[in-house]
Number of protein chains: 2
Amino acid sequence: MEDLYPSRKNSKPEIIERKDPVIHSDLSKDKGPLSDEQINFYQKNGFLQIENFFSPDEVSEMQKGIFDLQESSREVDSEKVIREPESDEIRSIFHVHNDDQYFKKVTNDQRILDIVQYLLGSDVYIHQSRINYKPGFTGKEFDWHSDFETWHVEDGMPRMRAVSLSIALSDNYIFNGPLMLIPGSQNYFVSCIGETPEENYKESLKKQKLGVPDHNSLRWLAENGGGISVPTGKAGAITLFESNTMHGSNGNITPYSRNNLFMVFNSVENQLVKPFSGGKERPEFIAVREGAKRLSLR
Amino acid sequence: MEDLYPSRKNSKPEIIERKDPVIHSDLSKDKGPLSDEQINFYQKNGFLQIENFFSPDEVSEMQKGIFDLQESSREVDSEKVIREPESDEIRSIFHVHNDDQYFKKVTNDQRILDIVQYLLGSDVYIHQSRINYKPGFTGKEFDWHSDFETWHVEDGMPRMRAVSLSIALSDNYIFNGPLMLIPGSQNYFVSCIGETPEENYKESLKKQKLGVPDHNSLRWLAENGGGISVPTGKAGAITLFESNTMHGSNGNITPYSRNNLFMVFNSVENQLVKPFSGGKERPEFIAVREGAKRLSLR
């Protein structure tokens, strides 16, 4: 299969124009569950926040759910449980849409599925899910990256036809390391330098190293796009963002933790193929691909 | 001299009530250069931002000044020039009010002196000055701290009668690691645990370690004060904050650098004495004290 978005293959970075639509439904026909305003915002900026998506009761239940799982995972030695580099504190738990009955239900919420099926113009499946715990005082930054770049090179996701969803499970302030996005960046693929060493995926969850866009490209995106957006708001809000939208977050020295449930929906018409790095398949990739078949929603 | 604000002497942290006024002028008489609203804000919150304090021309001149000095200091090996731990990039240049003719003039601006003399209720001198360069992409966080705690323990500043002034020389956004303050925290001294090893001051400019308030005290301050304030705004704004106001900043992964000129004014009636750590005097302390005599402004 032709590699429309080559990355980590050259010694110089490059900016490549997007070759896929941002919204995959026929905009002239299908109205979907979003308002015109929401559709236009997502199309233009590559992300969309919807406040009060979940009720306070639902938020309480999910908050209890993530801390129960953190507690019961404390002694678990698994590559799905990611800990802080400098302590044993759990930073992320992966694959909760499959491994945990409660989160399987949450990630299959029909209100969410209606939106992502509309954005992707097809049936969808969950490519990845995780709970992120960003503790107060010691939360680390997460460098700028396009998720698609990683999934394309390391997982073999051929086209830009996936959407990420973050459910805020604590209040997001401007100062506790909230998600930052570069509006408009979904329209440009930043081809990164270098190659993917085997087993990079383990390290990259702790501290992104490969697939890091260069400073000039980031500056260009921010200057030619809309600068930097920081959606903040109460727990229960959701933020949808396109697979190629450039995002990251600063650290968090405040006392206020920042937790969220994160999942990625991919179109069933965008099934994974051999990774575009030319490297070996990674174990998780195989698991995800199997999960994909099993979890395909219709 | 009695130590009214003991710190780094015990194994448990403690919160001690402030024993000094926040504004040292007689509020019933002296009106000073600030408005009632500004005075009340500073009294209550322990800081005050004034936008457009410097004109665009003055800002351009100062911006040129800091980069000229950074350039001419590139090869300088001095403990007044602080570099990033992981690179040779200059992060701060100290003592510019004394070493540099241009910055001597800037730090003695009469509009600034009028304000700080009012807040401190006396003549003042410059206890410390520095230029901070917080580069884009790699700017590091600065942990929460009270400046007074350091100056008291390490420099021998007896009372809370000093004020810090930051001149913004680049635009401060919510996302490029701006100064964060805990409103109301000026009224409580957080006594930290541990002791000051000799020569701590060299390390502490890179990565604060000693004199770091404990998490419970920080949480208490934020909950009992006004949470966290983040003054943002255009270059040319100034932020005044009381010596004991708890502050810090997150890192900065954005392309937008954050530079400022920072100086500390102390009351001439609050002259430094033997450091309250009981430790040795540090070389810089002696220099600062001599500078204090020389620079006393009237």
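The values are calculated or read from the model by the stated rules, or taken from the named source; none is laboratory data. In this text the structure is predicted, and so the values were computed from the model without any measurement. Please note: Cβ atoms are built from the backbone with ideal geometry, for glycine as well, and neighbour counts cover all protein chains shown. When the accessible area is computed, the model is the full protein with side chains, heavy atoms only, and any ligands, DNA or RNA have been set aside. Shrake-Rupley method; radii C 1.70, N 1.55, O 1.52, S 1.80 Å.
Evaluate Rg over Rh across chain A, taking Cα atoms for both radii and Kirkwood's formula for Rh. Computed over Cα atoms, the ratio is 0.93. For region B:114-169, the fraction of C-alpha pairs farther apart than 12 angstrom is 75 percent. Put simply, the C-alpha atoms of region A:64-118 give a gyration tensor, and the ellipsoid matching it has half-axes of 26, 12, 9 Å, longest first.
Computed over chain B with a Gaussian network model linking Cα atoms closer than 10 Å, the most mobile of B:Q38, B:Q271, B:Q110 is B:Q110.
With θ taken as phi - 60° and the Karplus curve 6.51 cos²θ - 1.76 cosθ + 1.60 applied, the whole-hertz 3J(HN,Hα) list for region B:103-115 is 6, 4, 5, 4, 6, 9, 4, 5, 4, 6, 4, 4, 5 Hz, x standing for glycine and proline.
For B:E269 and B:D109, a Förster radius of 22 Å and the Cβ-Cβ distance give a FRET efficiency of 0.50, rounded to the nearest 0.05.
Summing Cβ point charges (Lys, Arg +1; Asp, Glu -1) relative to the Cα centre of the protein assembly as shown gives a dipole of roughly 40 debye. Taken residue by residue and averaged, Cβ atoms of other chains lying within 10 Å of the Cβ of B:250-259 number 6.
Selection among A:T254, A:I131, A:S11 by position relative to the dipole of chain A gives A:S11 as farthest towards the positive end (Cβ unit charges, Cα centre).
Distance between the C-alpha centres of region B:120-156 and region B:229-253: 11 Å, rounded to the whole angstrom.
Rounded to two decimals, the Cα radius of gyration of region A:117-266 over 2.2 N^0.38 Å is 1.02.
Taken one residue at a time, the phi angles of region B:90-97 give Karplus couplings (6.51, -1.76, 1.60, θ = phi - 60°) of 6, 9, 8, 10, 9, 6, 5, 5 Hz. Gly and Pro are set to x.
Our note on the geometry: Cα centres of region B:68-108 and region A:23-77, 47 Å apart. A point 7 Å from Cα along Cα→Cβ stands in for B:D36, and the other copies hold the same point at 5.1 nm, listed in rising order.
Report the net charge of residues surrounding A:I228, where surrounding means a beta-carbon distance below 13 angstrom and charges are Lys +1, Arg +1, Asp -1, Glu -1. Residues near A:I228 contribute -1 overall. Sum up the charges of everything whose Cβ sits under 15 Å from the Cβ of B:S60, counting Lys and Arg as +1 and Asp and Glu as -1, but leave B:S60 out. In short, -3. Plainly put, the tip 7 Å out from Cα toward Cβ on A:V76 is 5.5 nm from that tip on each other copy, the closest given first. A viscosity of 1.567 mPa s and a temperature of 4 °C, combined with the Kirkwood radius over Cα pairs in Stokes-Einstein, give a translational diffusion coefficient for region A:12-107 of 74 µm²/s. What's the Kirkwood radius of region A:31-86 in Å, using all Cα pairs? After inverting the pairwise mean of 1/r, the radius is 14.9 Å.
Whole-percent P(r), region A:16-58, all Cα pairs, 5 Å bins from 0: 5, 17, 25, 20, 14, 11, 5, 2, 1. With contacts taken as Cα pairs under 8 Å and at least 6 residues apart, region A:74-232 reaches a relative contact order of 23 percent. If you take the alpha carbon atoms of the protein assembly as shown and fit the smallest convex hull around them, that volume is 171 Å³ per residue.
Tell me the net charge near A:T245. Cut-off is 12 Å between Cβ atoms, A:T245 excluded, with +1 for each Lys or Arg and -1 for each Asp or Glu. Once positives and negatives cancel, what remains is -1.
Summed over both chains, the area buried between B and A is near 2000 Å², taken from the accessible surface of protein heavy atoms with a 1.4 Å probe.
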